[in-house]
Every structure is written in structure tokens, then in C-alpha cells.
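The values are calculated or read from the model by the stated rules, or taken from the named source; none is laboratory data. Small disclaimer: the values here were computed from a predicted structure and weren't measured. In this analysis, Cβ positions are derived from the backbone assuming ideal geometry, glycine residues included, and neighbour counts consider all displayed protein chains. Only protein heavy atoms, including side chains, enter the accessible area calculation; ligands, DNA and RNA are left aside. Shrake-Rupley method; radii C 1.70, N 1.55, O 1.52, S 1.80 Å.
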Amino acid sequence: MPEQDRQDLTVVGQPLVKVDAAAKVTGQTVFADDLVLPRMGFARLLRSPHPHARMRSIDVSRAAAYPGVLATLVGSELPIPFGILPVSQDEHALCLDKTRFVGDPVAAVAAIDEETAEAALALIDVHYEVLPAVMSIDEALAREDVRIHDYGPHGNVHKEVSFDFGRVEEGFAESDHIREDTFFFEGNTHLPLEQHAAVASQGPDGKLTLWSSTQTPHYVHRALARVLEIPPAHIRVIACPNGGGFGGKSDPFSHELVVAKLSMKTGRPVKMTLTREEVFYCHRGRHPVKMWIRTGLKRDGRITAMHFRTALDGGAYGSYGVASLYYTGALQTVTYEVPRYKFEGVRVFTNKPPCGPKRGHGTPQPRFALECHIDKFCADLGLDPARWRLDNVVAPGTITANQMQVRTTGLRECLERVIAKSGYDSKRGRLGGGRGIGLAGSSYISGAGLPIYWNAMPHSGVQIKIDRGGGVTVFCGSTDIGQGSDSVLAYVVAEELGVAPIDIRVVTGDTDLTPVDLGSYSSRVTLMTGNAAIAAARKLRALVLGAAARKLEVPLERLKAADGRIWDSAESSRGLPFADAAVLAEAAHGTLGAVGSYTPPRSVAKWKGAGVGPTPTYSYSAAAVEVSVDRETGIIRVDKVWIAHDVGRSINPLLVIGQVEGSVYMGLGEALMEEQVFRKGLHKIPSMLEYKSPTTLEMPPVDSILVETLDPQGPYGAKECGQGPLLPVIPALANAVYDAVGVRIDEVPITPEKVLAALDGRYRRPQMPTVAYPETVQVAPLRAAAPATAPPADPALRP
């Protein structure tokens, strides 16, 4: 029986409590800022007050002499650059000679307490030469005379691309109707409850340990080794439980490097916890993006060609920006049939905090634009937008124009169920009184198909040991950021070994103790660590059940295991406890331990840049949003959200619904109110009091629908659920506003001021900047179709 079709599951699919729930609700979870070590010092960063300046001199002597100061640190002591991507190693732990945004760190102080460190910062003398600041996409493209970085193709352009998949102009020539639209998506930030924090301690053996609220301990480990010039084997990174991440803790950060260096200088542990304002300046959040779409269609609505352009405001540094740029063009083709496709994109540097990966990484912006654009061209052609989506859903087994490989897809069922439960067909255009309903679909990756640093090694590894009392310990380098990945590991191993999740201890995110996992990003953890855990657990299952079969004198194939017991399926009274079987297995085979790993299937895409977009399998979502709009004030109230998500299989439906509804919450915030905006280089609202985010009063009822497509690539058929459900919420709301009051707001957030301006005819629609894109690369389509049910990549998962 194929793995995804198993019906004998006893743990997987059950709404179980998370393994860390008791510690969380009783306040016993130890976050990075909770750590206290003997003789610990406290560090603070001096940050630039200017968005763009040259540092002519820096003098820390007065700060170093201040009572209670343990050490000071300047950029010249950490001159090696770093960055999350190998192509963008453009950051320094402390600025060397130039600051590029308000909040760029220039010096650090370690002291006996935070108050002393903060006071000493005021004694550091920095002479700045203020430079012209570049604060927008248009300005970055226009100001060739002001360069934020000395690398990039020209001016302030970080990266530019142009690809034509299938000769798009031929498709436009075949069309009966062409529609063009421009959209803008304002940047916003992650807003995790927990601020960034890190503690470093260099031990008496010279080895360094860093505890940090990071999503990517493996990549922080790499950055520390590079910048500090320490052998990787002498560095240990422990990822503490994260009080929310959403992508904002996926980069290596300056404060992590600084506390490590300060510990080396002082011979003490050193801690740094960022203030809430500093978290806003660390950022790495959603890129502001301008988008232009041109689509050619036949009269019946079939797309003949699509041309998509994006311009991204990347902020001051590279971060994940090159990947972000490609993501703004990668997934348009894996949702609906697009036979010819052209993508042109540019990412520019500006003197603002660096942007990076926020939930959905680079895909919510184009999804907003595309789904609104679909409703517009349906109106042009007199087509029903729900019917159009259903008629044009991409088929399972498709290889798209840009060579993305679609395996299973539940988008049709997601759309059908949302349309039916919301009453969309009977409500659209008929609610009246400022009420409306909108619909959108979407797709997302279940983990990236390639690692950040390309290599042939596995993306995730799991090690399992069984002790003589029947206890099971699972070791994995993944990081639980609140999404429940530790619980998923426990459920999967419990399912395979036939024990209760409570009997499993999970050890994660420790580069000394756990096998490498690349990190909690790109919705990769359930699929990749889950597959690795199954591979390891089945090796042990074979040993334990083999020992039980010999003891019970029963054929191995007749044995069942569940709830801590192994028994003969033909005679249930004939059995023994799992712990007894483990003792027998250890006596026969020695210490019980096993490893498993997972590497995604090789992508069929061959063009340069195709490292972004491929995935073991895509998830799909659909949302309907019903709103009421007050024509007098422009205020939008969300009355209800219906959302369906193709999760493959729910490892734990309770956790899946939590992720889906969390995505809805975040999507509504981005659609209605959240924005990272600046005045003269300063963040206008760098606090949780002023930065608008939905509260319980703004959160509407949500009807969550889980669609299971049982994908062969996922553990037991599972796909991602942590990021994809956010994507359709924003355009569905925008389409609902139009249905309610008849005006289009082609940007987010959709604020009351913009609604009133549109109703009064004063709304200024976004304009696409003039961009000299590079010479277009022609990419021929792949004609062969992928099998609709591709086999699992890991041989251990084959039936």
C-alpha cells in the first residue's frame, strides 16, 4: 500500500496536545532572554542616527573608562562581511566606514548591567559625514550618483532579471483581449511577541556556545565561524524556543556576532536583548513591491500569455533579497494554466532597514496583484470569477511554462468548498448596503528544493535512540518557532514505533547534539524532518518488531504496534510491552540507535535562477472574505472568512487549523493596516502601540476547511500549512471591497483614507517606475509531463 494511503494510523491525524504545551502555558519555557549564567555581562549596541552617512572617526575611549564597563567593540575588530546568501555577503557585525540606515549598528558595549551599557553608549564619539538618503524604489532607480553599495550591476540595483518562457509575444498575438494593471504592496514587519535575544559564552577550553532566538541555527553557525575565524567544530549554536519568528529570525544578525566577540574579549558570558524599537530596525520583513501585469486571453477566458514585472525595495542590505526577487515571479504559473510567461524583476537598495523573508516570502505581493487582476479581466470579458478559477486550475502532473513541477493539487476542491460554504455565487454583487464578498486562490512551496549553499548533502537529518526503559529520544536540528515542529517529530516517531507521544523526548536546534536541519523557513520542516524521522524510525521498528516476533514466535508481518504495545494481529491477547521488546532488541543488536535523512527530488528546471520555486510539492489554498464598508468613514469591517487549505494530510488537524487561522490573522493585518513607513529615514511607528495590527476586536469568525490530497512526497501524504494559507486572504479582501462599494484599491494596506479617496474620485493609482531591465533570456518549455503521482524521493518511504 502506498504510504500516503495508509488507513491504520493511530497517532497521525489525531488532534493531540503539543508536546511543549504544558511548559508554555505554565511559563516554564526558557527563552533566550530568560537565560542567566554566572558572571554574565550585558551588551548594548550604538546605532546610527542617520539613514546614510560616512563614518569619519569613532572613539570609544570614554565609554571604555566608564565604571562597570567590561569591554567595547568597533567594526574594525570584526572586518569580515557576512550574509545569509552566498551572493550577498554585504553586512558587517558593526559598520566599518559607512552606515546605510537609521539603526545600523556602529559600536557595542558590554557592562555589568544593561543600564551601565546604555549609559556608556552615550560616551562613544562618532563623527559622521551625512550623505544623501535614498528612500524609495523610484529614487533608487533614478539616483545613479548616490550608491548605497559598491556592488550590483549599476546604481542602486541589487539584482535584475528578465526571462521569457515560451515566447510571450506570440501568445499575445493569439489573444482576443489584453488587460494591463499596476499594483503596489507596502512593506510590513513580522511583529513577533518575543524580541531577538542572544547569549554567548566562550568556555575555558576556548570553545564558543551561542544561545539565540533564531530560526536557522545551522546558518548562524556558519556566520560565526566565518566572521570570528573560529573552526566550526569549536562553535555550538543552540536555538532557544522562539516566541514567534515568521521569517524575522531567519538571518544571522549582528547582535549574535557581537555577543560572541564580546564574550571572547571579556572571558564572561554576554547577553543582548533587543528593544522593541530595535526589532523594527532589524526588520527583514515584507518587501515593498510595485507590480505590473499584462495578460492576453481568448474570449472564453483562456490565458494565452502573461507578462509580469516587479520592482522591490530591498532596504539597505541583501539578506534573502535575491531569492525574494525570484519568488515574486516564480509561482504565478503553478496555480492557473499560463502557457507562455515572461518575468522581469529588479531589487534595489534603499536607506531603510533591510527586507527579507516574511511569512510567504516574496509570494503574497504578486498573489495579491494576480488575484485582483483576474477579477478585473473577468469583468472585462463578462465571466464569473469563481467559474474562471475552477476552469483554469493547473492540472496535477503539469510542468509549467517556467519549468516548475506540479504533483498533486487540491486547488479545485479548495475553491469548490469555499464557494459552497460561503455562498459566494448567491452573494456576489447582491449583498448591498456596503457589503461584499471576494474570492481568491493561491499556491505555495512545501520547502525549497535547493539549499541556500548548494551541495549534495541532505536538507534534514534525524537521529533516534531507544533506551532500556522504552523511552525514545529524537534529535533533529530543526527549530520550533511556535508552529509545532517538535510535536510533529514526536507524532511521526510515535506512529512508526507504536508508542505514545508522551514517551518521546525531542531534542532540537543544537549544532553539537543534533544532525543538521537547514532551519525553520520556506514551510519545509514538516515535510523534510518528517520524512527524515520516518526513515530513522523504520530502521528501529524493524529491529524492535523483529525481536518481538522471535519472542512471540509470530511472523513479523502479523505484528501490530500501538499505544506502547506490540501484539499478534491474529490473536490480540498475544503480545508484549514495547519496552520489553526494546530490551530484547538491544540484547540482540546492541545499543538501539538509527539515523535518517531527507533530500528533495531533483528539479526538472534547468535555467539559471530556477533554484527558486521548485519544491517537493506545492500546497494550495482558497479564501472567501465577506466585508462591510462604511461609505461615510471608509472603515472596513471583516464579517467572516472562509478558507480551505490543501494540507496533503493533517499530521495533527488541531495544529493545522491553528496555522491556517494564524495566517488569516496576519493576512488581514497586511491587507487593512500594517505598514513599515518612514519619515526622513526614521521609522514612523516603531512600537507595538503605534504599529497597527489586528486585535481580537478586529478578528472575524473563520471557517477553516482542510483538504487532503495525500501527496506521495510528504510524510503520510502531508504538505505545508504554515505560510500558504496567508496568500489568498489579502486579494480576497480587496475583491470584497470592490464588490461592496464598487471601487478598486490597487494597493495594500487598504486604509479608510484610500477608500474615501476612491469613492470621491481622488484615489491615485500606483504607477510602475521606468526600469531598464536586462536583456531577456529565452527559455524553451519542457514538453514532457510529470507523473500525477510522483514516487517518494527517499527509498525508505517507498511501499
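One table, with the values for the structure above:
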item: Scattering curve values for segment 485-626, log₁₀ I(q)/I(0), Debye with Cα scatterers, q = 0.11, 0.15, 0.18, 0.21 Å⁻¹; result: -0.56, -0.85, -1.04, -1.25
item: Value at 222 nm in deg cm²/dmol, rounded to 500, when DSSP H runs of n ≥ 4 in the chain each add -39,500 (n - 2.57); result: -8000 deg cm²/dmol
item: Rg(Cα) / (2.2 N^0.38 Å) computed for segment 174-241, rounded to two decimals; result: 1.98
item: Rel. contact order, % - alpha carbon contacts under 8 angstrom, at least six apart, segment 1-131; result: 35 percent
item: Accessible-area value, L682, 1.4 Å probe, nucleic acids and ligands omitted, Å²; result: 90 Å²
item: Under DSSP loop assignment and at most 12 Cβ neighbours within 10 Å, longest GluC sites (Glu not before Pro)-free interval of the chain; result: 230-552
item: Fraction in percent of alpha-carbon pairs per bin - 20 Å, the chain; result: 16, 47, 31, 6, 0
item: Of K98/K207; K421/K640; K298/K342; K249/K719; K159/K608, those spanning more than 20 Å from alpha-carbon to alpha-carbon; result: K98/K207; K249/K719
item: Karplus 3J(HN,Hα) series, Hz, for segment 125-134 with 6.51 cos²θ - 1.76 cosθ + 1.60 (x for Gly, Pro); result: 9, 10, 9, 9, 9, 6, 10, x, 9, 10
item: Relative frequency of Cα-Cα separations exceeding 22 Å in segment 311-452, percent; result: 48 percent
item: Surface accessible to a 1.4 Å probe, R340 within the full protein complex, Å²; result: 50 Å²
item: Accessible carbon and sulfur surface of segment 545-671 relative to its total accessible area, %, 1.4 Å; result: 52 percent
item: For peptides 323-329, 419-425, sequence by mean Cβ density within 10 Å, most packed first; result: 323-329, 419-425
item: Residue-normalised accessible area of the chain, given per residue in Å² at a 1.4 Å probe; result: 36 Å²
item: Helix runs (DSSP H) in the chain reaching 30 Å along axis by Cα, Kyte-Doolittle at least -0.5; result: 525-552
item: Rounded to whole Hz, the Karplus (6.51, -1.76, 1.60) HN-Hα couplings of segment 382-392, x for glycine and proline; result: x, 9, 6, x, 6, 4, 4, 4, 5, 6, 10
item: Taking the chain and dividing mean pair separation by its residue count, relative contact order in percent (alpha carbons under 8 Å, at least six apart); result: 17 percent
item: Long-range HN-HN contacts of T617 with modeled amide H, under 5 Å; result: S446
item: For F678, distant residues with modelled amide H under 5 Å away; result: K684
item: Whole-Hz couplings from phi, Karplus 6.51/-1.76/1.60, listed for segment 200-210; x for Gly and Pro; result: 10, 8, 8, x, x, 7, x, 8, 10, 10, 10
item: V134 long-range amide H proximity, modeled H, under 5 Å; result: N351
item: Accessible surface of segment 237-310 [probe 1.4 Å, protein heavy atoms]: carbon and sulfur percent; result: 48 percent
item: Percent accessible area from carbon and sulfur atoms, segment 74-205, protein chains only, probe 1.4 Å; result: 51 percent
